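The block underneath contains the structure these notes are about, expressed in C-alpha cells.
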Amino acid sequence: MKKLTYLFFCLSVAAFGQNTLIPDPNFEQALIDLGYDTAPINGSVPTSSISGVTNLNVRDKNISDLTGIEDFTALYELRCNSNQLTSLDLSNNIALTYLNCRNNQLTSLDLSNNDALTDLSCRFNQLTSLDLSQNTALTDLYCQNNQLTNLDLSNNPNLFILITYSNQLQSLDLRNIIHRTAWSSDGYYNVRDNPDLSCILVDDVSNATAFF
C-alpha cells in the first residue's frame with residue numbers, strides 16, 4: 001500500500017512540475033509580461049500555467065519561433081501578427097476559432113487539425129500554398145499579399161469574406177462558396193491583382209462579371 005501511495009505521489013509531482021519548452025526568448029518574455037511565466041528567462045514555462053489559456057495576444061513582440069504554442073490546448077483566439085515567424089504549426093490547437101498571423105514571414109502554416117477555425121488572417125506573408133481542406137467552418141479568409149499560386153476552397157462552403165488579392169493565382173473555383181450568398185451584401189470577395197488569374201469558376205456569370 002505504501003508503494004502504491006508513493007508511486008501516485010511521484011506521478012502527481014511529475015505532472016504538476018511539467019514544463020513546456022519555449023526556445024524563443026522574446027516569446028517567453030511575452031508570456032512573462034502576460035503573467036503566465038516568471039523571470040528570469042530560462043527557456044521553459046510551466047505547462048499548467050498555459051494549458052487553460054483561451055485568448056493569447058503576442059503581436060509585435062519580435063518573435064521568430066512559437067514553439068510551445070502546442071501546449072496551449074484550450075486556445076480559442078491567437079494573435080501573433082507583426083512578428084518574425086517563418087513557420088507556424090497549430091495542428092495541436094484544435095479549439096482554435098480565430099487566428100491573426102498577418103505581417104510575418106510565413107512560408108509554412110499548418111492548420112490541418114483546426115476544424116473549428118472560422119476567422120483566418122494570414123495576409124502579408126510569403127505563403128506559396130495554403131491547405132484549408134480541414135477548415136470546413138471557415139467564414140472569413142484574408143490571405144492577400146502572399147505568393148499563392150493555387151487556392152482550393154472546395155471544402156469551405158461557409159466562406160462569406162474572401163480577400164485574396166496580390167497573389168499569383170492562376171484559377172479560382174468559387175462555385176462552392178457563393179451559391180448561398182447569391183452575391184448579396186452578406187458576402188464579400190476580392191480576388192483582384194492576381195496577374196496570372198485567367199479563370200474564375202462561378203454559378204452566375206452575369207453577377208460575377210459585374211462584381212469582379
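Where a number appears in this text, it was derived from the coordinates with a stated rule and is not lab data. From a predicted model like this one, the values you see are computed outputs, not experimental measurements. Cβ atoms come from the backbone with ideal geometry, glycine included; neighbour counts cover every protein chain shown.
Pulled fully out, how much extra length does the chain show between T86 and A39, if you take 0.36 nm times their separation in residues and subtract their Cα-Cα distance? Intermediate results must be reported in sequence, preceding the final value.
On the way: separation 47, 0.36 × 47 = 16.92 nm, distance 2.66 nm.
Residue separation times 0.36 nm, minus the Cα-Cα distance, leaves 14.3 nm.
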In nm², what is the average projected area of the convex hull enclosing the Cα atoms of the range 30-79? 3.3
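Using 0.36 nm per residue of separation minus the Cα-Cα distance, give me the extension gain between T107 and S129 in nm, one decimal.
Details: separation 22, 0.36 × 22 = 7.92 nm, distance 0.81 nm.
Full extension of this stretch gives 7.1 nm more.
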The distance between the Cα centres of the range 77-139 and the range 38-62, in whole Å, is 19
Is the C-alpha gyration tensor of the range 44-189 telling us rounded, prolate or oblate? Criteria: a/c under 1.5 is rounded; beyond that, a/b larger than b/c is prolate, otherwise oblate. prolate
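Within 10 Å, count the other beta carbons around each residue, average over each peptide in 48-55, 153-160, and list them highest first. Could the numbers behind the result be given before it?
Numbers: 48-55: 14.9, 153-160: 16.5.
Ranking, from highest mean packing down: 153-160, 48-55.
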Taking N as the number of residues in the range 15-120, what value does Rg over Cα atoms divided by 2.2 N^0.38 Å take? 0.99
Over the range 70-152, calculate the relative contact order: mean separation of alpha carbon pairs under 8 Å at least 6 apart, over the residue count, as a percent. 25
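Direction-averaged shadow area of the convex hull around the Cα atoms of the range 102-169, nm²?
Values: hull surface 15.1 nm².
With every direction weighted equally, the projected area is 3.8 nm².
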